[in-house]
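Below is one structure; the comments refer to it alone.
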Amino acid sequence: MKHITDIFFDLDHTLWDFDKNSEITYSIIFNKLDLAVDLSEFLRAYKQINLDLWKLFRNDLIDKETLRYKRLHDTFKAINLTVTDGVIYTIADEYVYHLSQQTHLLDGALALLDYLKPKYKLHIITNGFAEVQVGKLKNTNLDAYFDVVINSEMAGVKKPNPIIFEKALQMANAPKENSLMIGDSYEADVLGALNYGIEAICYNYHNETLPNHIHHVNHLEELIQIL
């Protein structure tokens, strides 16, 4: 990896602890709205529903508003709880605000960034909503680590579309042969980067079975040994 000068990170499930922060956010919202929801039951259903809908969103099969509505509607339906559309839209709006205020990072994230910052130029490529991702970076002080931050709304396309990688490298003035992508999504981050022509390492947050030729780590600290 001595040829690498620029490292591009995903944010959610890679550095920022989406699952913990999302749990805290829903707890705040349900208490605020005085909703009698079993949080553990809700989250068990929500996690897979949200992942499946994000895949559809990533492939432009649904839009942003459909994602925001359906992940709640379908979860409440799955746990047999009747909630009006008005309440669902209220929760969706509250979620966007409160989520970006949460500051939990994944284990080893700060140690990794502190190690990498003097050695490489660091950047973010994220499919997350612009208004949320900016807040996440600011409120965790992660913004100080990154030179370029690009989201799918800025790029007009989402990972794994090669255009978002091309725009990110252009903004960072980073050559393909000296660039590396690190992220949790095999499809969006890893295959997206490899198909564009840059190297990639999968942070296997989801404990997936990956093809043998895919470079991956199971803990962020392992990247210190590689980089």
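The values are calculated or read from the model by the stated rules, or taken from the named source; none is laboratory data. If you're wondering where the values come from, they're calculated on a predicted model, not measured in any experiment. Glycine also receives a Cβ, built like all others from the backbone with ideal geometry; neighbour counts cover every protein chain displayed. The area values use the complete protein model at the heavy-atom level, side chains included, leaving out ligands, DNA and RNA. Shrake-Rupley method; radii C 1.70, N 1.55, O 1.52, S 1.80 Å.
Against the test of being open to solvent by 20 Å² or more (accessible area, probe 1.4 Å), β-branched (Val, Ile, Thr) and in contact (Cβ under 8 Å) with a residue 12 or more places away in the chain, the options Ile49, Ile88, Ile62 yield a single qualifying residue, Ile49.
The number of residues in segment 11-24 being in contact (Cβ under 8 Å) with a residue 24 or more places away in the chain and open to solvent by 10 Å² or more (accessible area, probe 1.4 Å) comes to 6. Tally the residues that are open to solvent by less than 70 Å² (accessible area, probe 1.4 Å) and of a type in the set (Asp, Glu), restricting the search to segment 168-221. Of the residues in segment 168-221, 4 are open to solvent by less than 70 Å² (accessible area, probe 1.4 Å) and of a type in the set (Asp, Glu).
Report whether or not Val149 is under 24 Å from Asn195 (Cα atoms) and in a strand (DSSP E or B). Before you say what the answer is, go through the steps one by one.
On the way: under 24 Å from Asn195 (Cα atoms): yes; in a strand (DSSP E or B): yes.
Spelling it out, Val149 is indeed under 24 Å from Asn195 (Cα atoms) and in a strand (DSSP E or B).
Does Asp189 count as in contact with a helix residue (DSSP H, G or I) (Cβ under 6 Å, 6 or more places away or on another chain) and assigned to a helix (DSSP H, G or I)? Answer is no for this residue.
Suppose we keep only residues that are among the charged types (D, E, K, R) and part of a helix (DSSP H, G or I) within segment 104-138. Which one would you say is most open to solvent (accessible area, probe 1.4 Å)?
Our first condition is that a residue be among the charged types (D, E, K, R); within segment 104-138, this holds for 107, 114, 117, 119, 121, 131, 136, 138.
Now restrict to residues that are part of a helix (DSSP H, G or I): 114, 131, 136, 138.
Values: Asp114: 89, Glu131: 88, Lys136: 4, Lys138: 135 Å².
So, considering only residues that are among the charged types (D, E, K, R) and part of a helix (DSSP H, G or I), the one most open to solvent (accessible area, probe 1.4 Å) is Lys138.
The condition of being free of Cβ contacts under 8 Å to residues at least 24 places away in the same chain, open to solvent by 60 Å² or more (accessible area, probe 1.4 Å) and within 28 Å of Ile224 (Cβ to Cβ) holds for only one of Asn80, Asn141, that being Asn141.
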